[in-house]
Amino acid sequence: MFYRRTEQPARLPIPAAVIPSVQLPKPGFPRKKILLVNDDATVLKILSFSLKSRGYEIVTTADGSEAIGLMRDQPPDLLLIDVGLASGMNLNWDGFDLADSLHRINGKVPTIMISGTNKLEFAARAAAAGAQAFFAKPIDINHLFASIATVLAGNPLSITVSCN
């Protein structure tokens, strides 16, 4: 015998996320393209979905050699690169090496780097590789979106370091 539940479960209010407002592109105008390089499929999906929902065009890869090809064939407006790329990639580079190589192809593309480690030396290496911002996980997503919007609006950032 089945019993029908008559009580409604308690619902906790969920506060709305505070995300910096980014104007969605108007029809007929090109969207800003972000090349997202990360070897973690979950991070790729989450960041890709979040950025697409804010109106960006996202191109993803987990492979450094593919990132180089994408940089040549489909130049992005911004690079978002994970520092700790897996060593099993076609190129045995970390994110710093990849960012440096991508900047040799097109040094005008701004870069934001992400790391699972909050070492300040990584922030210095990110700056040396040409990055405008460095974020250590866990990432303050609001700060990341604000940095992306700022850089894509053409406003320069001196290296921004977010180590939580």
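Counting residues in the range 124-144 that are among the polar types (S, T, N, Q), modelled with pLDDT under 80 and farther than 15 Å from VAL37 by Cβ gives zero.
Residue count for the range 40-82, restricted to those that are acidic (Asp, Glu) and within 11 Å of the chain's Cα centre (by Cα): 1.
The values are calculated or read from the model by the stated rules, or taken from the named source; none is laboratory data. The structure presented is a predicted model; accordingly, all values stated were derived computationally and were not measured. Positions of Cβ are generated from backbone atoms using ideal geometry, with glycine treated the same way; all protein chains shown enter the neighbour counts.
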